[in-house]
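Reading through the structure tokens given below for one structure.
The values are calculated or read from the model by the stated rules, or taken from the named source; none is laboratory data. Predicted, not measured: the structure shown is a model, and the values here were computed from it. Counting neighbours? That spans all protein chains shown, and the Cβs are built from the backbone with ideal geometry, glycine included. Heads up: the accessible areas ignore ligands, DNA and RNA and are worked out on the full protein's heavy atoms, side chains in. Shrake-Rupley method; radii C 1.70, N 1.55, O 1.52, S 1.80 Å.
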Amino acid sequence: LEARDLSHKLLNISRGGVPYKSMVNLSELVKDSVSLTLEGSSVTYDFRTTCENLEIEVDQNQIKQAIQGIVQNSREAMSGGGRIKVLCEVVSLEKDQSVPLPEGDYARITISDHGFGIREQDLERVFDPFFSGKETGTGLGLAAAYSIIKRHNGYITVFSAEGKGTTFQIYLPLSHGPDHRQEKGGEERAPSVLKVLVMDDEDVVRDFAASALTELGCGVVTAENSREAVERYREAKDMGRTFDLVILDLTVPGGHGGMEALGLLREIDPNVKAVVSSGYSDRGMVKNFRDYGFWGALPKPYRLADLRRVIEAVRADLSGDTP
């Protein structure tokens, strides 16, 4: 049941739906979201806005979920009580700013706490599903917030120092802005969509891999075991849609693991590009993956950053840019 609940949340993160947008008062939406999240806790908040009457076109429920995820993180970081500062304002971004967004006007929501903070080495992982700096929690709240804001063509930044608190800033565009699929000549540039097959016996791992890879712009098919993986690969090859990458779990209880699955896949396609995945990073097959015929290795549990590196490497390899 727990795995099913986590799987459902993960699917909501990446496939939670195209935002159903309407015009809403941003300050009221933020204040209501913060108030609801802190209700019944020992944490209070200071709310300030410089754009009291600003209306913005967003999916009200999704933005509320994103704000609540961030505020909940601050609430848990101040278990002994405290006060969160919240600010709504309008800012203008120019070229070459540190925030990777097109220049223009944005609504910025700043949420600051004085909790235990985030270690410097963990800052780049705070938006990864399953990552949590706390003993309890699934680590899905911030991942969902990141995905929601990205679907709204916005961005989230995080600043923190261990023992000194954390500040999140949400940027939401005030207009639709330019269509970033357009090149200078006005022609639409189709992104390179990699086709990835993931074999893993754990529902949660398969769902996260599918969610994260979809977020990275890949087409994903999952399989529970080697038999299913072989069937999916053969079906795709027969239809002229060979997979660009296969991620194989090294150990599958009661069935063929990644090594055996690779052998079966090579009978179908001698050029199959496979990555071995395992939670046992000290296993020789993972350390010396090339000796066993694998193209790469991936640790478990997956991190979004790890998957991104693998996908970027595959794209570079396919384009001939690898050394």
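Among 62-73, 302-313, the peptide with the highest mean count of other Cβ atoms within 10 Å heads the list, and the full ranking is 62-73, 302-313.
Residues in the range 200-216 carry Karplus couplings, in order, of 7, 7, 9, 4, 4, 5, 4, 5, 5, 4, 5, 5, 5, 5, 5, 4, 8 Hz; the curve used is 6.51 cos²θ - 1.76 cosθ + 1.60 with θ = phi - 60°, and Gly or Pro positions show x.
One decimal place: the segment Asp32-Asp122 gains 29.4 nm when fully extended, by the rule 0.36 nm per residue minus the C-alpha distance. Distant-in-sequence amide contacts of Gly279, defined by a placed amide H-H separation under 5 Å and a gap of 5 or more residues or a different chain, comprise Lys300. Shown for the range 235-276: the carbon plus sulfur share of the solvent-accessible area, taken with all protein chains present and a 1.4 angstrom probe, equals 48%. In sequence order, the range 98-104 has phi-based couplings of 5, 7, x, 10, x, 5, x Hz under the Karplus curve 6.51 cos²θ - 1.76 cosθ + 1.60, θ = phi - 60°, and Gly or Pro positions carry x. Distances between placed amide hydrogens fall under 5 Å for Leu194 paired with Gly219, all partners being 5 or more residues away or on another chain.
Once the other residues with Cβ under 9 Å from the Cβ of Leu93 are scored (Lys, Arg +1; Asp, Glu -1), what is the net sum? Once all neighbours under 9 Å are counted, the net charge is -2.
The calculated FRET efficiency for Asp105 paired with Asn288, based on their beta-carbon distance and R0 = 56 Å, is about 0.60.
In this model, which of Lys150/Lys237; Lys31/Lys85; Lys85/Lys164; Lys21/Lys150; Lys64/Lys85; Lys64/Lys300 are farther than 22 Å apart at the alpha-carbon? Listed pairs above 22 Å: Lys150/Lys237; Lys64/Lys300. Here the range 215-253 is scanned for amide nitrogen atoms under 16 Å from the site 7 Å beyond the Cα of Asn271 along Cα-to-Cβ, giving 237-246. Karplus-based coupling profile of the range 150-157, in residue order and whole Hz: 5, 5, 8, 6, x, 7, 10, 10, with θ = phi - 60° in 6.51 cos²θ - 1.76 cosθ + 1.60 and x standing for Gly or Pro.
So for each of 98-104, 259-265 I average, over its residues, the number of other beta carbons within 10 Å; can you give me the resulting order with the highest mean first?
Descending packing order for the listed peptides: 259-265, 98-104.
Highest mean packing first, where packing is the average number of other Cβ atoms within 10 Å per residue, the peptides 23-36, 40-53 line up as 23-36, 40-53.
Taking amide H positions as modeled 1.01 Å from N, with prolines and chain starts lacking one, the residues under 5 Å from Ala161 and 5 or more places away or on another chain are Ile118.
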